[in-house]
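Undergrad: Got a structure here, written out as structure tokens. Questions coming.
The values are calculated or read from the model by the stated rules, or taken from the named source; none is laboratory data. Everything quoted here is computed from the prediction, not taken from an experiment. Cβ sites come from the backbone with ideal geometry, for glycine too, and all protein chains shown count toward neighbours. Each accessible area value is taken on the protein alone, full model and side chains, heavy atoms only, with ligands, DNA and RNA left out. Shrake-Rupley method; radii C 1.70, N 1.55, O 1.52, S 1.80 Å.
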Amino acid sequence: MRSRFSAYMMKNYEYILATYSPPQRPQLSIKELERSAEGIRWLKLDVLEASQSKQLGTVEFVASYYADSDFYYMHEYSYFEKIDEKWFYVKGLSKDKTGKYCPGRNEQCPCGSGKKFKKCCFT
Ligand SMILES: [Zn+2]
């Protein structure tokens, strides 16, 4: 999960595609993944909950990103399955925090720098 988030940040779409579960992969392409992430700057990942059994893993996370001069949360409950000792992304359910948000000027910056928003990414 974290490695997929890092891959999104690094725009490593080959890795993202390779970690989709096998039945989904034929419907996806690197170009498409690239297009869906166009204009997005990923800021931070917060994992709220993670659990795994032998073959199934679930992760609830909130990822924040910046796009078109606005900040957004992507709040998702993701399912992973294990095949040959490797984890693959199966699907994600969008959760209620998903959407636009506006950090307060004196709040911690959503990029995770630890600075106040007004002294960091606020423009
Ligand atoms: Zn910042």
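Undergrad: Has the stretch 91-104 got any residue that is open to solvent by 50 Å² or more (accessible area, probe 1.4 Å), acidic (Asp, Glu) and within 16 Å of the ligand (Cβ to nearest atom)?
TA: no
Undergrad: Considering only the stretch 35-58, state which residues are open to solvent by 90 Å² or more (accessible area, probe 1.4 Å), under 16 Å from residue 5 (Cα atoms) and either among the hydrophobic types (A, V, I, L, M, F, W, C) or touching a helix residue (DSSP H, G or I) at 6+ places or on another chain (Cβ under 7 Å) (or both).
TA: 48
Undergrad: Could you tell me how many of the residues in the stretch 104-123 are closer than 15 Å to residue 65 by Cβ and in contact with a Ser or Thr (Cβ under 9 Å, 6 or more places away or on another chain)?
TA: Qualifying residue count for the region: 4.
Undergrad: Further question on the same structure: Of all the residues that make up the stretch 12-29, how many are touching a residue at least 12 places away in the same chain (Cβ under 8 Å) and surrounded by 12 or more Cβ atoms within 10 Å (Cβ to Cβ)?
TA: Of the residues in the stretch 12-29, 9 are touching a residue at least 12 places away in the same chain (Cβ under 8 Å) and surrounded by 12 or more Cβ atoms within 10 Å (Cβ to Cβ).
Undergrad: Can you tell which of 61, 71 is in contact (Cβ under 8 Å) with a residue 60 or more places away in the chain and surrounded by 13 or more Cβ atoms within 10 Å (Cβ to Cβ)?
TA: One residue alone meets the criteria, 61.
Undergrad: Quick check, is residue 7 of a type in the set (Gly, Ala, Ser), surrounded by 13 or more Cβ atoms within 10 Å (Cβ to Cβ) and in a helix (DSSP H, G or I)?
TA: Judged against the criteria, residue 7 is a match.
Undergrad: Has the stretch 77-88 got any residue that is within 16 Å of the ligand (Cβ to nearest atom) and at pLDDT below 95?
TA: no
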